[in-house]
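First up is the structure itself, then whatever we jot down about it.
Throughout, read-outs are computed from the coordinates displayed, never taken from laboratory work. Small disclaimer: the values here were computed from a predicted structure and weren't measured. Here Cβ is always computed from backbone atoms with ideal geometry, including for glycine, and neighbour counts include all displayed protein chains.
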Amino acid sequence: QQPVQSPQAVILREGEDAVINCSSSKALYSVHWYRQKHGEAPVFLMILLKGGEQKGHEKISASFNEKKQQSSLYLTASQLSYSGTYFCGTGTTSGTYKYIFGTGTRLKVLA
Amino acid sequence: DTGVSQDPRHKITKRGQNVTFRCDPISEHNRLYWYRQTLGQGPEFLTYFQNEAQLEKSRLLSDRFSAERPKGSFSTLEIQRTEQGDSAMYLCASSLGLAGFLYNEQFFGPGTRLTVL
C-alpha cells in the first residue's frame with residue numbers, strides 16, 4: 001500500500017529539468033512532497049489537496065490527479081541544492097490519520 | 001530555535017534493554033506523529049496524537065512499543081525489550097491541525113538514531 005515513486009534515482013546536470021512521479025493504490029485526500037538530505041530530517045516542500053490543483057515553489061512545482069491517484073513533482077533548472085531524496089507523503093480518503101510516505105527518489109545534481 | 005527537538009540524538013543499547021525517546025514539538029502544534037525510518041526507505045508511520053489523545057497506532061507496532069503525550073505537549077516513545085530489528089532512525093513530526101483538514105504540513109525533528117547491539 002506504500003505509494004510507488006518513479007524513477008528510483010536520477011542524476012542531473014545543473015540547469016536540467018526532472019519529473020518525479022508518485023502513484024498510489026488508494027484514493028487520496030492530499031499529497032505532500034518532502035526533500036531529505038543525507039543525515040537530515042525531511043523538509044516540507046508543498047501540499048496538494050484533491051481537486052487537481054497545481055502548486056509552485058520557486059522552480060519546483062507539483063500536480064495532483066486525484067482520479068489517477070497520482071502526483072508529479074517538477075524540478076526546473078535544477079540547482080546543486082536540489083540534491084537529496086524526495087518523498088511523497090499521502091493521506092487517504094478513508095478517514096484515517098495514518099500518513100504514508102512513498103518509496104523515495106534519489107536525485108543527484110552535478111555541477 | 002523554535003523547531004521540533006528530539007532527545008537523545010543517538011542511543012546505543014543492548015538487546016533486551018528498554019529505551020525511551022522524547023520529542024518536543026513546536027509549541028502551538030496540536031498534532032504529533034512518530035515515524036521510523038531505515039536506511040534508504042521513507043519514514044514509516046508509527047502513531048499519531050491530537051493534543052493528548054493517541055488517535056491512531058500502526059498495526060505494525062508491536063506491544064513492545066508505547067507512546068504518550070501527557071498534557072498535549074511533549075511526547076515520549078518507549079521501546080521495551082529491544083531487538084536488533086528495532087535499529088532505525090525514529091522521527092517525530094508536528095503540525096498545526098486545522099478544522100476540516102486531516103493532513104497538514106509536518107515539521108520534522110532531527111530524529112533519534114537507535115542502534116541495538
> Label-point separation (nm) for B:Leu55 and A:Lys37, each offset 7 Å from Cα along Cα-to-Cβ?
Replying inline: 3.3 nm
> With springs only between Cα atoms under 10 Å, which of B:Gln37, B:Gln17, B:Gln50 fluctuates most in a Gaussian network model of chain B?
Replying inline: B:Gln17
>> What's the magnitude of the charge dipole for chain B around its Cα centre, counting Lys and Arg as +1 and Asp and Glu as -1 at the beta-carbon? Answer in Debye, nearest 20.
In response: 420 debye
> What's the Kirkwood radius of the protein assembly as shown in Å, using all Cα pairs?
Replying inline: 18.1 Å
>> Please give the charge dipole size of chain A, origin at the Cα centre, charges +1 on K and R Cβ atoms and -1 on D and E Cβ atoms. Round to the nearest 20 debye.
In response: 260 debye
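Starting with the fewest neighbours, write out A:Tyr86, A:Tyr29, A:Tyr99 ranked by other beta-carbon atoms found within 10 Å of each beta-carbon.
In increasing order of surrounding Cβ atoms, one gets A:Tyr29, A:Tyr99, A:Tyr86.
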> Counting only pairs 8 or more places apart or on different chains, how many lysine pairs in chain A have C-alpha atoms closer than 19 Å?
Replying inline: 12
> Among bridges DSSP assigns within the protein assembly as shown, what percent are antiparallel (round to 5)?
Replying inline: 90 percent
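Share of antiparallel DSSP beta bridges in chain B, in percent to the nearest 5? Kindly include the intermediate steps, with their values, before the conclusion.
On the way: 34 of 38 bridges.
Bridges in chain B that DSSP calls antiparallel: roughly 90 percent.
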>> Which one, A:Asn21, A:Ala62, A:Thr90, projects farthest toward the positive side of the charge dipole computed for chain A from Cβ point charges (K/R +1, D/E -1)?
In response: A:Thr90
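Looking only at other chains, what is the average number of their beta-carbon atoms within 10 angstrom of each beta-carbon in A:23-31? Show your work: numbers first, answer last.
On the way: counts 0, 0, 0, 0, 0, 1, 3, 4, 1.
Per residue, the average neighbour count from other chains is 1.
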> Around B:Ser5, which amide H atoms from residues at least 5 apart in sequence, or from another chain, sit under 5 Å from its own amide H, with H modelled in the peptide plane?
Replying inline: B:Asp24
>> Give me the inter-chain shielding for B:39-49: mean count of other chain Cβ atoms within 10 Å, whole number please.
In response: 5
> Treating the beta-carbon of each Lys and Arg as +1 and of each Asp and Glu as -1, no other charges, what is the dipole magnitude of the range A:1-48 about its Cα centre, to the nearest 20 debye?
Replying inline: 180 debye
